[in-house]
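First comes the structure, then the notes that go with it.
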Amino acid sequence: MITDPWFYLAAVPAVIILGLSKGGFAGIGTLATPIVALAIPPVQAASIILPILIVQDVYSVIVYRRHWDAFNLRVLLPGALIGVAIGYLLAARLPEAGVAFAIGAISIAFGARQLMQRSAKPPEPRRPNAAAGWFWGALSGFTSMISHAGSPPFQIYVMPQRLDARVFVGTNVLFFAAVNWIKVPPYLALGQFTHDNLVTSVVLFPLAILATWLGVVLVRRFSNERFYICVYVLMVLIGVKLVFEGFA
């Protein structure tokens with residue numbers, strides 16, 4: 001188990017952010033791994049976070065089990081499986097800075113564009129084709145495997161559909177709950193689930209569950225319009241963080 005107090009100074013806010021993300025504030029969880037990586041190596045940070053994500057998924061899936069979109073899960077999950085496999089194959093040699101920069105740039109461009117369109121007449125909801133779902137699902141699975149940063153590609157595909165806020169959150173919850181279990185065998189194969197890492201994850205479980213409950217309570221207080229504005233703003237902020245991380 002990690003005993004360094006500097007680690008917990010980074011891990012506690014990161015776990016709270018993860019809980020809020022799992023509770024409904026989709027996307028902000030992307031910041032968790034970079035925060036923990038301030039105290040420990042990035043790969044170790046990702047391996048500690050994954051069991052926490054899986055525990056949080058249990059509560060989130062129970063809450064949102066009746067609110068999800070079958071079409072999106074049907075087209076995104078097969079692509080995610082491919083993306084996770086590619087991420088595993090390239091994990092040992094992929095430059096994390098390049099991935100962070102690319103995803104950050106996409107997030108900024110997409111989120112800023114949506115925010116600039118808020119003053120204009122809202123576009124009609126549209127459902128992209130299945131091929132696009134496979135592509136964005138694969139990119140989401142790939143970046144999730146590398147650094148648990150799969151939300152921006154998921155949002156790029158799903159947000160233009162303008163689903164009901166609760167359906168959007170539920171689809172996000174179920175998608176990433178499945179993706180997180182898909183990532184378990186690759187992380188085992190990479191030797192990342194050490195005794196110290198797993199015990200450290202378990203110590204953080206109570207905080208993770210409490211933060212997820214708080215996220216569920218808070219997200220229900222937001223209207224659909226305010227919810228989407230918040231998601232787009234967070235998407236831009238996350239993108240800036242990832243781009244900065246890529247440059248650094």
Candidate cut points under trypsin sites (Lys or Arg not before Pro) in the stretch 6-66, DSSP loop plus at most 14 other Cβ atoms within 10 Å of their own Cβ, are Arg65, Arg66
If the chain between Ile229 and Leu81 were fully stretched, how many nm would it gain, using 0.36 nm times the residue separation less the Cα-Cα distance? 50.3 nm
If every Lys and Arg gets +1 and every Asp and Glu gets -1 at its Cβ, then about the Cα centre the chain yields a dipole, in debye to the nearest 20, of 840 debye
Quick calc, Ala248 & Leu9: beta-carbon distance into FRET formula, R0 22 Å, rounding 0.05, result 0.65
With bins of 10 Å, the percent of all Cα-Cα pairs of the chain per bin from 0 is 8, 33, 40, 16, 2, 0
Simple spin-label estimate for Ile62 and Leu198 in nanometres, 7 Å along Cα-Cβ: 2.3 nm
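Only the coordinates and a few stated rules stand behind these numbers; no lab work does. Here the structure is a predicted model, which means the values were calculated and not measured. All Cβ positions, glycine included, derive from the backbone under ideal geometry; neighbour counts span all protein chains shown.
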